[in-house]
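One structure below.
Nothing in this text is a laboratory measurement; each read-out follows from the coordinates by a stated rule. These figures come from a predicted structure and were not determined experimentally. Counting neighbours? That spans all protein chains shown, and the Cβs are built from the backbone with ideal geometry, glycine included.
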Amino acid sequence: MAQISTRLTTLNGPGSDGWNVFYRARRMKADGQNITELTIGEHDIGTHPDILDAMHKSASGGHTGYAIVPGVSDLRDTIAGRVECQTGVPTNRDNVVITPGGQAGLFAAHMAACTPGETALFIDPYYATYPGTLRAVGAVPHAIATDAANAFHPTPEALAKTPDATSLLVNSPNNPTGTVYSKETWEAIADFAQERDLWLISDEVYESQVWAGAHVSPRSLPDMADRTLVVGSMSKGYAMTGSRVGWIVGPKDAIAAIIDLATNTTYGVPGFIQDAATWALQQGPALETEVAAPFARRRDKVLKVISQQKRVTAIPPQGAMYVMLNIRCTGLSGEAFANALLDTHGIAVMPGESFGTAAAGHVRVALTIPDEPLVQAIQTLCTFAEDLSETRA
Ligand code: PLP
């Protein structure tokens, strides 16, 4: 009997499936139940009509054949210009490859960095696919735990305790915590990457959604451009999740190697999607600001509800489209609380445990429904947590 490779049968690793609440909520909804979904990072708006017009014009103008594998020159140039402007590091199209979304970018960046069997470091809490992506390239994932008390920033001490490795994957603004790394944290990460001679893979898909502090790309830090692979995407910043278009920016030799990988795997990204992305990126910040605005507004509203009671606490997110709530007052794990909230009130949130061990006892709320039902759902969640805490006391 032909067997499925161990690379795929072991992709998800050991432990419970953190997506259980999400799938259960989807099934309940399909069965006709009224479910408030605050789970995944999908906008409640579609792609802007003007971006769709640009896509349509390109496709009806004939850009429907194979696009060149590294990505169309206009898009690579536009991204190079944007990154050079953000980082001050000279960047041109040879530093850029277009990928089918940030997820494919994370995979390709690790394919460039890690030889099978080598250790790939990443920070816990983390975006749920990270360990599987690292296993998919044959690397051995190693999580570096952070602490809510330190706003989930990695500390120099935690970095120092890690085993020998080849790469470190970081994500700021962070999913799930909303943490935006400070200058000190970036300096500690850069020192560590240089001391250990690591590739730094920087997932910056939320770069346009910063509510406090400022986004720093480690490509801008002294002596880091030659060891940093920046992963970007149109998904979050432009509500283009379904278009599957992103990029990697890095040293030319690594980008050339990733283009070889693309030739043998994805064979590029549809030209009309790339033309629409080019058009959107060339409009200046207005479109990104429009997409980001509801998340900033909803974040403030959620924090206001949290401030009006004493049981559930939040570390105010500095960026991205989520709020992490600490529900330890209930005595339940994030997973048990999320399941109980779904069963009792039809509200679906992601257990903190879906994102590693450091966020246990938390739930992640996606700010992806209109303001009024969101505020109502958070009020219900807080009252539910309060009732559970009182029953426990
Ligand atoms: N990185 C992070 C931190 C994410 O949250 C996501 C999606 O939720 C991705 C990468 C992948 O995004 P995409 O492949 O849509 O660009």
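Looking only at residues of segment 156-173 that are touching a helix residue (DSSP H, G or I) at 6+ places or on another chain (Cβ under 9 Å) and surrounded by fewer than 16 Cβ atoms within 10 Å (Cβ to Cβ), we find that the one that is farthest from A214 (Cα to Cα) is A160. Within segment 89-121, the set of residues being more than 11 Å from the ligand (Cβ to nearest atom) and under 21 Å from S354 (Cα atoms) comprises A120, L121.
If a residue must be closer than 23 Å to A113 by Cα, within 16 Å of the ligand (Cβ to nearest atom) and in a loop (DSSP other than H, G, I, E, B), how many such residues does segment 154-180 contain?
To start, the set of residues in segment 154-180 that are closer than 23 Å to A113 by Cα comprises 154, 156, 158-175.
When the remaining residues are screened for being within 16 Å of the ligand (Cβ to nearest atom), the result is 154, 167-175.
Now drop any that are not in a loop (DSSP other than H, G, I, E, B), which leaves 154, 172-175.
Count: 5.
Here F152 fulfils each of the conditions (1) out of contact with any Cys (no Cβ under 8 Å at 6 or more places or on another chain); (2) over 28 Å from T241 (Cβ atoms); (3) touching a residue at least 40 places away in the same chain (Cβ under 8 Å); (4) crowded, with 17+ Cβ neighbours inside 10 Å apart from (2).
Could you pull out the residue among A190, A214 that is in a loop (DSSP other than H, G, I, E, B), aliphatic (A, V, I, L, M) and away from the ligand (no atom under 15 Å from the Cβ)?
Working: A190 fails: in a loop (DSSP other than H, G, I, E, B).
Step by step, each of A190, A214 is checked, and only A214 is in a loop (DSSP other than H, G, I, E, B), aliphatic (A, V, I, L, M) and away from the ligand (no atom under 15 Å from the Cβ).
R219 fulfils the conditions (1) of a type outside the set (S, T, N, Q); (2) more than 16 Å from the ligand (Cβ to nearest atom); (3) within 20 Å of the chain's Cα centre (by Cα); (4) surrounded by fewer than 20 Cβ atoms within 10 Å (Cβ to Cβ) except for a single criterion, (4).
Of all residues in segment 28-75, exactly one satisfies the criterion of being within 25 Å of N95 (Cα to Cα) and without any contact (Cβ under 8 Å) to a residue 24 or more places away in the chain, namely S73.
Counting the residues of segment 329-361 that are buried (at least 19 other Cβ atoms within 10 Å of the Cβ) and of a type in the set (D, E, K, R) gives 2. For segment 244-256, taking the residues that are more than 10 Å from the ligand (Cβ to nearest atom) and among the aliphatic types (A, V, I, L, M), the one that is nearest to G88 (Cα to Cα) is identified as V249. Among the residues making up segment 126-139, those that are part of a helix (DSSP H, G or I) and within 12 Å of the ligand (Cβ to nearest atom) are Y130, T133.
Of all residues in segment 230-251, those satisfying the criterion of being small (G, A, S) and either crowded, with 24+ Cβ neighbours inside 10 Å or not in a loop (DSSP other than H, G, I, E, B) (or both) are G232, S233, G242, S243, G246, G250. Among residues that are out of contact with any Pro (no Cβ under 8 Å at 6 or more places or on another chain), buried (at least 19 other Cβ atoms within 10 Å of the Cβ) and closer than 20 Å to A151 by Cα, A314 is included.
Among the candidates D226, D260, D275, the residue that is free of Cβ contacts under 8 Å to residues at least 12 places away in the same chain and part of a helix (DSSP H, G or I) is uniquely D260.
Evaluated against (1) free of Cβ contacts under 8 Å to residues at least 60 places away in the same chain; (2) part of a loop (DSSP other than H, G, I, E, B); (3) closer than 23 Å to G88 by Cβ, D197 falls short on exactly one condition, (3). State all residues of segment 229-243 that are near the ligand (Cβ under 7 Å from one of its atoms) and either among the acidic types (D, E) or over 20 Å from L169 (Cβ atoms) (or both); if no residue qualifies, say none. T241 - this is the single residue of segment 229-243 that is near the ligand (Cβ under 7 Å from one of its atoms) and either among the acidic types (D, E) or over 20 Å from L169 (Cβ atoms) (or both).
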